[in-house]
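Nothing in this text is a laboratory measurement; each read-out follows from the coordinates by a stated rule. Source: prediction; values computed, not measured. Backbone-built Cβ (ideal geometry, glycine too); neighbour counts: all protein chains shown.
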């Protein structure tokens, strides 16, 4: 006789505890501004509060939820705080969270069309919507030879682009028998491209040494002439230039690589062009900001992250290819236990063949919720505010003789520093973040330690941007006083 | 002046709509048994209900939620139905869904320790708990040189294991300059191993031709003597056997590779041993079922999926390595904009370096909720029921002269077929699934079309297993009658 077990959580209990979690989150949304943005926790401070062993018997839900408040909250860096200006945003919104809750609660697997047709079809459909919404090349639409898929991150999208390019360049020989160094496949990106390009090349067995970092101009954008010269030299040397990654908005400084000129070079050499617009792609919701995508028609693949700046909680990278068959043939493997009539009819897509993982959650739901809840116009309003405030902030920097802009600020990211040594700037950053009233991160531009200020959190208002600038100015003024021998506060 | 925007969803609205979604899900849980398990939707039937363009203006939340019912629901295959016996389960539970809701609502990024210390520390801690709970090798604990990390899927875990092994075998040369075919790295798994092993080798630039499929014994388990013979032959030929994937519970038939004997062969050749226990690992919660892990001490890496059989919604693969430095050095890349004091102190872990994606959501929350809500004993109760019912089902098959068992059924997966031709069995499966009252899938064993019946959904009770067996028997009887020329129902 099988032993009996108590029901894990009845629908009625789920309703009660579900309400409690929703209440807790609504309350969190109200309080989030009151927490230090960057967690002040010391290493091991969370673990020190956790019991060494898992409980043998179940515990009351109320106790678990109370421990979120007591144990987890102090160890969080609040990415949903309106005072979060670090890295790139990973913003979110109510409709996204609730769409994601439905995905978790339905608990379906979208690996094959047959394992939940609506999951595949909604994903294809919403990614087609985004092509229109951002005015992306029509070649990315599912109605032609292209198509879109949700990946977990721009890093994974870059890896998939590299794999599709690798197989195209070697006519499938690499999947069959591995990378052949004699062919010397070479990849290219600017010195400012995201580290995921190099990581992807390592993963794909190409190696860092076969990535050429092309020099940039004074705006930190890739120089197409330098790209062409390098590719020509490499080809003369017998190598195969197979892949170019261009960036619409680099992570370091939001530099915009000239896609049109890069695209023409790629065409000339038969190299795959992947365009990474991880954060900045969202700007193309607004017609006046579509300059970031000029030349995107040349791209073989493209991605942007609704989970960065389009109010959709992580993970949700929208990845497009112009020839889906290139991607699928690079990634498909069909064992017997996954065969089914629908797939073999050829009438449906199985997204399992569009990325590395087999299983996949129903991520299109949250994206659908966000687009419908905001509407295209609503999304534009938010993006326009962020860009306006980013430019306003850049103006304040320009007007303050103690500070200097370190790069153009075409959208919502401003790179700047206090005049003087790197140490001063590093200490300035440390002090600002330690107040808990704002969170900024840094980069290095032209060799100099540079602060980054990125406006993109959903709930950020002008007052938060103003308060952050005041905090930066006051902290710097205090440091200048101290440096001059005065230790009293200004 | 920046334009104004209406608040996207106030905390009060979030509470109201959050309650509505919780209600909908509680109601879904009550109704789930009434839906056809396998969606009966035709290709394009979901898309046909969706407007061609995204709405320009936002829509009422009530309307969006109503469309989930109207448009999405008919296109779902119900993985959380107690009548789901297909593939491997992807089961879930209330506490998991609510822990995941917190993760979505907090919206933090756990890529670095500093970007939310609690996310990293809870993950490390809960994965240490699991080492105790499953009695895994102590070498996987974070307190030594090993450690655990949550990956999205066993496929991604396999890829990471391959990369760590590849870099160990080539002393980092592959990351630097790519795969060198002259070294001829060779990988091994049984002919029954999951397709993700071959896919991972393709991704990693090793290629399918460098994977040796080792023959299996009559239980479909890898034959260690055949493995050793193959590795010896390959080494004599100048190749480098670098990686072996063993499976504790194959996807096709739940075969258990003999880890201890395979491990000794790996030791002899200096090959990395990765053990994939994607579904079956959860069984080790029960001391009497730990035979599945006998010999696991030899493993360099290991994974199992709480998102398959441990009541935790996708995605949540627990991946362990014995020497974390091997994994980290294979996957780390540190650009300036991710540098921070905590990381450079060496006192913390940055999980970004443990997998391909950079960004990562707070997945440990749901796992923590599940373990605490059920308690170790509560989890065991459910697993024991599933195993008892799986064995009971295997007994019924054995006792019915029309059916035959096709493989041992050590846990909760039963592989069986109706005596007679493949066509009969394929049609039997089609008819069963078309009733909507149960969902099974198939595989091929010893060349024969074989039905798979896997008991693992959270809400499955004995009555569901009994009803499914009755349905199978009756459908087959009807088909036998038809074959004998009688077309009337039995």
Normalised by the empirical 2.2 N^0.38 Å for globular proteins, what value does the Cα Rg of the range B:1-96 take?
1.38
Per-residue ellipticity at 222 nm attributable to helices in the protein assembly as shown (runs of n ≥ 4 DSSP H, -39500 (n - 2.57) apiece, nearest 500 deg cm²/dmol) works out to -13000 deg cm²/dmol
As a percent rounded to 5, the proportion of antiparallel DSSP bridges among beta bridges in the range A:108-360 is 40 percent
Quick one: label points 7 angstrom along Cα→Cβ at residue B:19, distances to the other copies in nm, smallest first?
0.7
Per-selection Kirkwood Rh - the range B:108-362 (Cα, Å, 1 d.p.):
18.4 Å
Taking 22 Å as R0, compute the FRET efficiency from the Cβ-Cβ separation of residue B:59 and residue A:19 and round it to 0.05.
0.35
Determine how many Å³ per residue the convex hull of the Cα atoms of the range B:101-205 encloses.
166 Å³
Highest mean first, how do A:154-161, B:229-236, B:281-288, B:473-480 rank when packing is the count of other Cβ atoms within 10 Å averaged over residues?
A:154-161, B:281-288, B:473-480, B:229-236
For chain A, what class follows from the C-alpha gyration tensor (a ≥ b ≥ c being the square roots of its eigenvalues): rounded when a/c is under 1.5, otherwise prolate if a/b is larger than b/c, else oblate?
oblate
Work out the P(r) tail for the range B:226-325: percent of alpha carbon pairs separated by more than 15 Å, whole number.
63 percent
For the protein assembly as shown, count the residues as N, evaluate 2.2 N^0.38 Å, and divide the Cα radius of gyration by that value, please.
0.92
From the label point of residue A:435, set 7 Å along Cα to the beta carbon, how far off in nm is each other copy's matching point, shortest first?
7.0
Between copies, how far does the label point of residue A:56 sit from its twins, in nm, shortest first, when each point is 7 Å from Cα along Cα→Cβ?
6.7
Any chance you could check the Cα centroid distance between the range B:227-255 and the range B:61-123 for me, in angstrom?
36 Å
The range B:416-477: projected area of the alpha-carbon convex hull, averaged over directions, in nm²
4.3 nm²
Overall form of the range A:172-241 per C-alpha gyration tensor (a/c, 1.5; a/b vs b/c)
oblate
In the protein assembly as shown, what percentage of the DSSP-assigned beta bridges are antiparallel, given to the nearest 5?
55 percent
State, to one decimal in nm², a quarter of the convex hull surface area for the C-alpha atoms of the range A:369-483, i.e. the direction-averaged projected area.
7.8 nm²
Of all DSSP beta bridges with both partners in chain B, the antiparallel percent, nearest 5, is 55 percent
Please compute, for peptide B:339-346, the average count of beta-carbon atoms on other protein chains lying within 10 Å of each residue's beta-carbon.
2
May I ask for the distance between the Cα centers of the range B:24-55 and the range A:297-332, given as a whole number of Å?
25 Å
Can you pull the one-decimal nm distance between simple spin-label points at residue A:235 and residue B:462, each 7 Å off the Cα toward Cβ?
7.3 nm
Footprinting exposure proxy for A:358, B:163 (fewest neighbouring C-beta atoms within 10 Å first)
A:358, B:163
The chain B residue whose Cβ lies closest to the rotation axis carrying chain B onto chain A, with that distance rounded to whole Å, is B:205, 1
